[in-house]
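This report refers to the structure that appears directly beneath it.
The values are calculated or read from the model by the stated rules, or taken from the named source; none is laboratory data. As the structure is a prediction and not an experimental result, all values here were calculated from the model. Cβ coordinates were reconstructed from backbone atoms using ideal geometry, including for glycine residues, and neighbour counts include every protein chain displayed. Ligands, DNA and RNA are stripped out before the accessible areas are found, and what is left, the full protein with its side chains, is counted by its heavy atoms. Shrake-Rupley method; radii C 1.70, N 1.55, O 1.52, S 1.80 Å.
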Amino acid sequence: MDPIRVGMLGIGQRGLQHLQELWRMQDDGRIKICALCDAWSDNLDTTKIRSFVAEYRDDSVRKYTSFETMLSEASLDALYVCLPPAVHNHEVIAAAQAGIHVFVEKPMSLYYDEARDMDAAIAASGVISTAGFQLRYSHQNTVVRDFLTNKRIVMLSSSSHAALESHSTKHTHTEEVGGPSNRVWTANFSWSGSAVVEAGIHTVDLMRYWAGDIDWVQATYVPRDPSDIENDGDNPYACVVNLGFESGAVGTLHFSKLRRVFRGIGDQLILWDHGQLAFEQDGPAAYYYDGPYPPTEAPVPETLRHPLLSGEDFTTPAGINETFIEAIEKGDQRLLKSPFRQSMNSLAAVLAANASHEIGGQRINLKAFAEDEAYRLHRTKPSSP
């Protein structure tokens, strides 16, 4: 079998991380990295790429600053799309229509209708597709999912409180295209869609991995004061998102990005009808009583703790990149844990959270968000001037 010819669009933080893993995967002859594309030529500089991917060589790798040129010249089998979510310009659609399998980093777009157009093109073409929700491939998270099977989950909660300064400098030249002057676009609302969309989507997607699809959202944010904005870092101080799952479970997501705190704290809990699951330093642990019920006396607290991982359990399962390549080889979309279409519910949830805040904290049904005229302006990409 000929190696799968892989191209990459966007040689920034996530693109380089994928390139590092994919470059090693070339050793067994399954894939060939044949094209890299970025709008800025300095991101394609060999010395810069080698500072992130030490084994990288330019041999047989063609470099482009035009996606259209790469698409027409490179004869790709698969394409990684690693662009900031606000700047997609039909690349996923064009690749799918050309019969190219697509890996699209999250968030797939800041506009639900744009992502839906991508999904429609992928479905019509029949290509293998995935969204970049790599946390589903963690052994720990899969063990949690397996443990919760057939349990009635009633609540999931996550809190993440980080320093605004913890955002890293990115590779996109945002200062040249109307974005943040320091290139930290993840701290800017118009580029990131808020911390809930840019980072919280991972947490929301994990909740769905454990508890199933989300039915509704309701959110309230605390906007950043204009006098407290540095380098266009204007994402809200704090965000509270309530989630309703189709199963009947509820969820809460608490996010904050504060300046001048320089520390991060957080926790994550899952509650089912007869127990609690906590993510602790040595792995996930379930707390429940499994003796004769009702007990004749109160159980000793230590007997309630049931670790879900032992020393032998810390295996390294196939990650998202290896699974994507295997799915292409076998022509089997079912191997993927985060196919594009299935990931649309995660995107709808975080984008509808923004909309809920903007209309005064109203509860929004996700099917209505995707279809109703009342939410059209919240899901449609503004026209270019």
Enter the Cα centre distance for the pair the range 1-41 and the range 164-194, rounded to the nearest angstrom.
-> 24
Report V197's accessible area, 1.4 Å probe, all protein chains in place, as a number in Å² to the nearest 10.
-> 0
Just the ratio, please: alpha-carbon radius of gyration of the chain over 2.2 N^0.38 Å, N its number of residues.
-> 1.03
Just order 18-25, 298-305 by mean Cβ neighbour count inside 10 Å, highest at the front, would you?
-> 18-25, 298-305
Note: the range 78-193 at 25 °C, 0.890 mPa s; Kirkwood Rh on alpha carbon pairs; Stokes-Einstein D in µm²/s works out to 146
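With only Lys, Arg, Asp and Glu charged, each at its Cβ (+1 for the first two, -1 for the last two), find how big the charge dipole of the chain is about the Cα centre; round to the nearest 20 debye.
Taking the Cα centre of the chain as origin, the dipole is about 200 debye.
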Determine the equivalent ellipsoid of the range 317-385 by diagonalising the alpha-carbon gyration tensor, then write out the semi-axes as square roots of 5 times the eigenvalues, largest first, rounded to whole Å.
-> 33, 14, 11
Residue by residue through the range 48-61, the couplings from Karplus 6.51 cos²θ - 1.76 cosθ + 1.60 with θ = phi - 60°, in Hz, x for Gly and Pro, are 5, 4, 5, 5, 10, 10, 4, 7, 4, 9, 7, 3, 6, 9
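With a 1.4 Å probe and all protein chains left in place, how much of the accessible area of the chain comes from carbon and sulfur atoms, in whole percent? If you can, show how the numbers build up before the last one.
Details: 8790 of 17920 Å².
Reported share for carbon and sulfur atoms: 49 percent.
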With every protein chain kept in the model, how would you rank H274, H101 by accessible area, 1.4 Å probe, largest at the top?
-> H274, H101
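Considering all alpha-carbon pairs of the range 65-135, what whole percent are spaced by more than 18 angstrom?
Numbers: 791 of 2485 pairs.
Within the range 65-135, distances greater than 18 Å cover 32 percent of Cα pairs.
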Among L22, I33, A355 the positive-end extreme of the charge dipole of the chain (Cβ point charges) = A355
27 Å Cα-Cα reach of K367 towards lysines, excluding residues that sit fewer than 8 places from it in its own chain = K106, K151, K337, K381
How far is helix 112-125 tilted, in degrees, relative to the longest principal axis of the Cα atoms in the chain, given as a value from 0 to 90 rounded to the nearest 10?
-> 70
Give the accessible area for T47 in Å² (nearest 10); use a 1.4 Å probe, count only protein heavy atoms, and leave out ligands, DNA and RNA.
-> 100
Per residue, how much space in cubic angstrom lies within the convex hull of the C-alpha atoms of the range 24-94?
-> 108
The range 251-295: radius of gyration over Cα atoms, expressed as a fraction of 2.2 N^0.38 Å | 1.69
List the chymotrypsin sites (Phe, Trp or Tyr not before Pro) within the range 34-79 that fall in a DSSP loop (any state other than H, G, I, E or B) and whose Cβ has at most 16 other Cβ atoms within 10 Å.
-> W40
Calculated from DSSP helices alone, with each H run of at least 4 adding -39500 (n - 2.57) and the total divided by the residues of the chain, [θ]222 nm to the nearest 500 comes to -8500 deg cm²/dmol
Choose one of N235, G275, S310: the residue whose Cα lies farthest towards the positive end of the charge dipole of the range 227-310 (beta-carbon charges +1 Lys, Arg; -1 Asp, Glu; about the Cα centre).
-> N235
Kirkwood radius from Cα pairs of the range 242-354 plugged into Stokes-Einstein at 25 °C, 0.890 mPa s, gives D in µm²/s equal to 131
One would report the antiparallel percent of DSSP beta bridges in the chain, rounded to the nearest 5, as 55
Rounded to whole Å, √(5λ) for the Cα gyration tensor eigenvalues of the range 160-230, largest first, gives 27, 15, 11
Roughly how tilted is helix 13-25, in degrees to the nearest 10 and between 0 and 90, from the longest Cα axis of the chain?
-> 80
Could you state the angle between the C-alpha long axis of helix 139-148 and the longest principal axis of the C-alpha atoms of the chain, as a value from 0 to 90 degrees rounded to the nearest 10?
-> 40
Around S109, which amide H atoms from residues at least 5 apart in sequence, or from another chain, sit under 5 Å from its own amide H, with H modelled in the peptide plane?
-> none
The distance between the Cα centres of the range 363-385 and the range 127-158, in whole Å, is 28
According to the Kirkwood expression over distinct Cα-Cα pairs, how big is the hydrodynamic radius of the range 132-291, in Å?
-> 17.1
Dipole-positive endmost among H171, T323, A121 within the chain (Cβ charges, Cα centre) | A121
Kindly report the accessible area of the chain per residue (heavy atoms of protein chains, probe 1.4 Å, no ligands, DNA or RNA), in Å².
-> 47
